[in-house]
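The values are calculated or read from the model by the stated rules, or taken from the named source; none is laboratory data. The model shown is predicted, which means the values in this text are computed figures rather than measured ones. Because the Cβ atoms are built from the backbone with ideal geometry, glycine has one as well, and the counts that use them run over all protein chains shown. Areas reflect the complete protein model, heavy atoms only, side chains present, ligands, DNA and RNA absent. Shrake-Rupley method; radii C 1.70, N 1.55, O 1.52, S 1.80 Å.
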Amino acid sequence: MFKAALLGATLLVTGAAAGTAMADTLADVKKAGVLTVATEMQFPPFDFLENNEYKGVDRDLIEEVAKELGVKAKHIDLPWTSVLPGLEAKKFDLVIAPVTITKERMKRYAFTVPISEATAAIMKRADDKTINKPEDIAGKKVGGGKGTSQLAQVKEFGQTLPTPPDVREYVDSNQSYADLAAGRIDASVNSLPNLAFAAAQRKETFAVVLPPFGKPSYFSWVGRLGDDDKSLVEAVNAALVKIQKDGRMATIQKKWFGVSQELPTTVPEPQL
């Protein structure tokens, strides 16, 4: 009886271990036919709402990726500060908000291959003659999105200036742009693609300050680290590389950026 009980317990433990090892997010996604993704729809041209319709670079890209995986994409709109915690809590499968690849983030998340350049830059009011290069933000009021890599970079950059700027945090970039237009701050920080899009939409209001001040960097999508999610991230990577090589990526980039970008087909070593 003791041997039988021991054998039964062993089988239970072995079965539980096997069940854990067999957990596979990609398999679950394909079985359900749905890839649930999250982003902040306040980050044009990557993610935004127009007449209550979700649009942008990430929307177009994830639809192509979903086709490659043979599933439908379900989109969740969250504040930026809730996106990565929600991923860790397994509330969805993938983050398609453009996330800057950094050394610290790579310790916690699995990054896909890049979906865009993400180098940090400054935007000013179009009629401002006092800011002509990034160093001219010394002592001025600069706004950016809370918890973003670009905000962290402008704070670091500010410490190299004679007078650090007064850096102000906003819930999202649109609020920063609104305060810039109203004259409540002197500049906004974001990635160059975001600022170029915003300035192109309101040429009479905004102008991008060139060159960018940030270290060369990239935006990627984010999955969870661990064996359960490894196959999903690999499948998304394969789809993104295919989309890049067959020209669909360039078509989407030209639609939203006006130009195409040459992007790595592997996850680059971050400089940030």
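For this structure, a couple of remarks:
- Angle of helix 227-245 to the longest C-alpha principal axis of the chain, folded into 0 to 90 degrees and rounded to 10: 50°.
- Percent RCO, i.e. relative contact order, over segment 120-209, from Cα pairs under 8 Å lying at least 6 residues apart: 46
- With R₀ fixed at 35 Å, the C-beta to C-beta distance from Asp24 to Ser260 puts the FRET efficiency at about 0.55.
- Counted residue by residue at 0.36 nm each, then reduced by the alpha carbon distance between them, the extension gain from Lys203 to Glu63 reaches 47.3 nm.
- Label point at Arg108 placed 7 Å out along Cα→Cβ; residues across segment 45-84 whose backbone nitrogen lies under 20 Å: 77-84
- At the listed q of 0.09, 0.13 Å⁻¹, the Debye profile of the chain, built from one uniform point per Cα, gives log10 I(q)/I(0) equal to -0.46, -0.85.
- Stretched out straight at 0.36 nm per residue, the stretch from Glu135 to Tyr54 would grow longer than its current Cα-Cα span by 25.5 nm.
- Share of carbon and sulfur in the accessible heavy-atom surface of the chain [1.4 Å probe, %]: 55
- Per residue, the chain exposes 49 Å² of solvent-accessible protein surface, assessed with a 1.4 angstrom probe and all protein chains in place.
- When peptides 186-192, 83-89 are sorted by average Cβ neighbour count within 10 Å, with the highest value leading, the order is 186-192, 83-89.
- Cα-based helix-to-principal-axis angle, 192-201 vs the chain, degrees rounded to 10: 60
- Axis of helix 173-182 versus longest Cα principal axis of the chain: the two differ by about 10°, to the nearest ten degrees.
- Size of segment 124-272 from its Cα atoms: along the principal axes, largest to smallest, the extents are 49, 32, 24 Å.
- Spin-label model, Leu225/Ala32: points 7 Å from Cα along the beta carbon direction are separated by 2.4 nm.
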